[in-house]
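All remarks here apply to the structure that follows.
The values are calculated or read from the model by the stated rules, or taken from the named source; none is laboratory data. Small disclaimer: the values here were computed from a predicted structure and weren't measured. Please note: Cβ atoms are built from the backbone with ideal geometry, for glycine as well, and neighbour counts cover all protein chains shown.
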Amino acid sequence: MSSVLKPDCQFRPMLENDLDAVMAIEPTISLHPWTRGIFNDSLQSGHAAWVLTRQDEIVGYSLMSIVLDEAELLNFSVAAPYQQQGLGRLLMAHMLEYAIALGAAVMFLEVRASNTAAIALYERASFVGVNVRRGYYPVENGREDAVIMKVAL
C-alpha cells in the first residue's frame with residue numbers, strides 16, 4: 001500500500017468481534033446510524049470491511065461493495081475524537097487502493113449535502129459530484145438531499 005500510515009496506525013479487516021467497538025462509534029457520528037444487524041449482514045455478505053486502529057483502538061472503519069468493476073463506499077467513518085487528524089485521508093487512500101486491487105475501475109459514494117467536511121475530504125480524493133438524490137436522507141423536520149460522488153480509479 002502506498003499511503004503512508006502514522007506509526008501508531010494499522011489497517012485490518014473488520015471482524016464480527018469488532019462490532020462492539022464499531023457500535024460504540026457509529027451512533028456518535030451519524031444522524032441515522034447503521035444497526036449492528038446491518039453491519040453483521042454486510043460482513044456476512046462479504047463486503048470489503050476494514051478498520052483503522054490507533055494503538056489497538058478502532059478509530060475508523062469503512063465498508064464497500066464491489067460489483068463487476070464498480071465499487072460503492074457503503075459506510076465511511078472516523079470516530080469524532082480522531083477527526084481532523086488526517087485519519088480520514090488515510091482510510092480513504094486505503095479503500096481506494098483496495099478497490100483497485102479488487103479490479104474496480106470506478107468508486108461511488110453518497111453523502112449528505114450538509115456534510116461539508118466529508119464532501120471536502122472526498123473532493124481531495126478526486127471524487128466529483130455526479131448527481132443528487134432529492135430528499136434521500138431523513139432529518140428531524142423533513143428530508144435532506146444526498147450528493148452522489150464518483151472517482152475513476
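Of all positions in the range 37-44, none carries a residue that is surrounded by fewer than 19 Cβ atoms within 10 Å (Cβ to Cβ), in contact with an Asp or Glu (Cβ under 6 Å, 6 or more places away or on another chain), closer than 19 Å to Val111 by Cβ and not small (Gly, Ala, Ser). For Arg54, state whether it is charged (D, E, K, R), touching a Cys at 6+ places or on another chain (Cβ under 6 Å) and surrounded by 14 or more Cβ atoms within 10 Å (Cβ to Cβ). Here the answer is yes, as Arg54 does meet what is asked. Listed by first and then second residue, the pairs with beta-carbon distance under 6 Å, at least 6 apart or on different chains, first residue in the range 50-72 and without any contact (Cβ under 8 Å) to a residue 60 or more places away in the chain and closer than 12 Å to Met95 by Cβ, second among the acidic types (Asp, Glu) and assigned to a strand (DSSP E or B), are Ser65/Glu72.
Answer yes if at least one residue in the range 64-75 is at pLDDT 95 or above, part of a loop (DSSP other than H, G, I, E, B), in contact with a helix residue (DSSP H, G or I) (Cβ under 9 Å, 6 or more places away or on another chain) and surrounded by 16 or more Cβ atoms within 10 Å (Cβ to Cβ), and no otherwise. Looking through the range 64-75, none of the residues is at pLDDT 95 or above, part of a loop (DSSP other than H, G, I, E, B), in contact with a helix residue (DSSP H, G or I) (Cβ under 9 Å, 6 or more places away or on another chain) and surrounded by 16 or more Cβ atoms within 10 Å (Cβ to Cβ).
A count restricted to the range 84-135 and to residues that are assigned to a helix (DSSP H, G or I) and either surrounded by 13 or more Cβ atoms within 10 Å (Cβ to Cβ) or touching a strand residue (DSSP E or B) at 6+ places or on another chain (Cβ under 9 Å) (or both) stands at 19. Of the conditions (1) under 19 Å from Val51 (Cβ atoms); (2) in contact with a Lys or Arg (Cβ under 9 Å, 6 or more places away or on another chain), Leu91 clears all except one; give me its number. With respect to (1) under 19 Å from Val51 (Cβ atoms); (2) in contact with a Lys or Arg (Cβ under 9 Å, 6 or more places away or on another chain), Leu91 is out only on (2).
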